[in-house]
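Following: one structure in structure tokens, then a few remarks.
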Amino acid sequence: MIYADNAATTPVSPAAREAMIDAMDRLWGNPSSLYSFGQKAEEALSDARARVAGCLGAEAGEIIFTSGGSEADNQALRSAAALGAKKGKRHLISTAFEHHAILHTLDALRAEGFEVTLLPVHEDGLVRPEELAAALRPDTALVSVMFANNEIGTIQPIAELGAICRAAGVLFHTDAVQAAGHLAIDVKAMNIDMLSLSGHKFHGPKGVGALYVRKGVPVVPLIRGGAQERRRRAGTENLPAIAGMAAALEEACAHLEENGAKVSALRDRLIAGLSAIPHAALNGAASPRLAGNVNFCFEGIEGESLLLMLDDAGIAASSGSACTSGSLDPSHVLLAIGRPHEVAHGSLRLSLSEANTDEDVDHILKEVPRVVEYLRACSPVWDELQKGERDYVIL
Ligand SMILES: *Cc1c(COP(=O)(O)O)cnc(C)c1O
């Protein structure tokens, strides 16, 4: 079976696994306890914090460990909203193609009286810095723009957006869950005030993540209780997961360029090969794009059937985000970049990692065109397109 769904989750790396087992076997003390069992755990926790911070150009005290990317996103938005409300600022800016951890939190904040502007995302899968500048208002409390999109892989001009926000004195958060461990990140140089990441997207364990918060920016705890994480997130720390995540992130960051070069070469072969299928189109610009991301729309077919047949052909892929498969709604990301409903249903995301090979790409390039052709042959929509009773969206 070829695993080509690394944007949904990744297998745990040997280094992360070893760090986790060591933490469970040897570091099971409570980091808050004063005797040596606790102190050894506390040292490992501090070490993990310093290592995660180091990968982002941050300081250890600026890292809050969370239960994952979703919690980090929720906490970033809630913190900025609370701070804004204190100053009478109730306007939030984000984009139409964010992860649901952002969009659904914004829905909740809207219901609590905040006003939300969602910046448009263009056909190339990018937001425009000048459109952000134009949307800023005196009462804007926060701008949140994802670093790289989880469905179409397009990489946003984060440093430019950060500079605009810093100049305007507005807090800037980025959901970097798809970027951390895959792209170089420097929170200081990029003027990022808050950043979310998640362990399981870079070969760490699931259920653990981090929120970077620039020193001096006040944070609202989502979970209250003990004084852990400097009173910013209560609860005894999940040290095995935290140590595993730190080991995975450090390893990923040490091999960024090498992995990026290898994976993007595989991606580019896939994009070139799939582009030869008639009435198929890459979603989002080919560049700047995550090294592992390939996302196509195929006219006249349903993404769900495509995935099931690819599963039979030994290929694990997805039709968008893991969270929307299972629902029959078309992807909000594809709609945001202007794909009409009828083609947004026929999408395929292949997300590669450094574990994929040229043989994997050969197999995918053999199977996808075959399956697309088969499904079109039984598709009434394709039949209408062929007879000219309906217009092609993808020429
Ligand atoms: C996976 C993902 C999340 C959610 O992270 P979890 O750790 O699974 O909660 C948030 N944002 C983006 C862009 C993601 O890809």
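FYI, it's all coordinate maths here, none of it is from the lab. On a predicted model such as this, the values are computed, not experimentally measured, just so you know. So basically every Cβ, Gly included, is an ideal-geometry build from the backbone, and we count neighbours across all protein chains shown.
Computed over the chain with a Gaussian network model linking Cα atoms closer than 10 Å, the most mobile of 241, 44, 317 is 44.
The H on the amide N of residue 315, modeled in the peptide plane, is under 5 Å from the matching H of 2, each at least 5 residues off or on a different chain. Counting only DSSP beta bridges whose two residues both lie in the stretch 122-233, roughly 50 percent are antiparallel. For the options 338, 162, 69, a Gaussian network treatment of the chain with springs between C-alpha atoms closer than 10 Å singles out 338 as fluctuating the most. Can you give me the relative contact order of the stretch 1-74 as a percent, contacts being Cα pairs under 8 Å and 6 or more apart? Relative contact order here is 14 percent.
Where the alpha-carbon atoms of the stretch 202-243 are placed on the principal axes, they occupy 31, 22, 14 Å, in descending order. A cut-off of 5 Å between modelled amide H atoms, ignoring neighbours fewer than 5 places along the same chain, links residue 137 with no other residue.
Principal axis analysis of the Cα atoms in the stretch 104-178 yields extents of 32, 28, 21 Å, listed in decreasing size. Residues in the stretch 228-240 carry Karplus couplings, in order, of 4, 6, 6, 6, 9, 7, 6, x, 4, 5, 7, 4, x Hz; the curve used is 6.51 cos²θ - 1.76 cosθ + 1.60 with θ = phi - 60°, and Gly or Pro positions show x. Remark: relative contact order (the stretch 95-220) = 18 percent; criterion is Cα-Cα distance under 8 angstrom and separation of 6 or more residues.
Over the chain, the ratio between the Cα radius of gyration and 2.2 N^0.38 Å evaluates to 1.02. Taking every alpha-carbon pair under 8 Å whose residues sit at least 6 apart, the chain reaches a relative contact order of 22 percent. The HN-Hα couplings worked out from phi for the stretch 5-19 by the Karplus form 6.51 cos²θ - 1.76 cosθ + 1.60 (θ = phi - 60°) are 9, 6, 7, 7, 5, 10, x, 6, 6, x, 5, 5, 4, 4, 5 Hz, whole numbers, x standing for Gly and Pro.
For the pair residue 265 and residue 134, label points projected 7 Å from Cα toward Cβ lie 4.3 nm apart. Sorted largest first, the principal axis extents computed over the alpha-carbon atoms of the stretch 209-310 equal 59, 33, 28 Å. Summarising the strand pairing of the chain, around 55 percent of its internal DSSP beta bridges are antiparallel.
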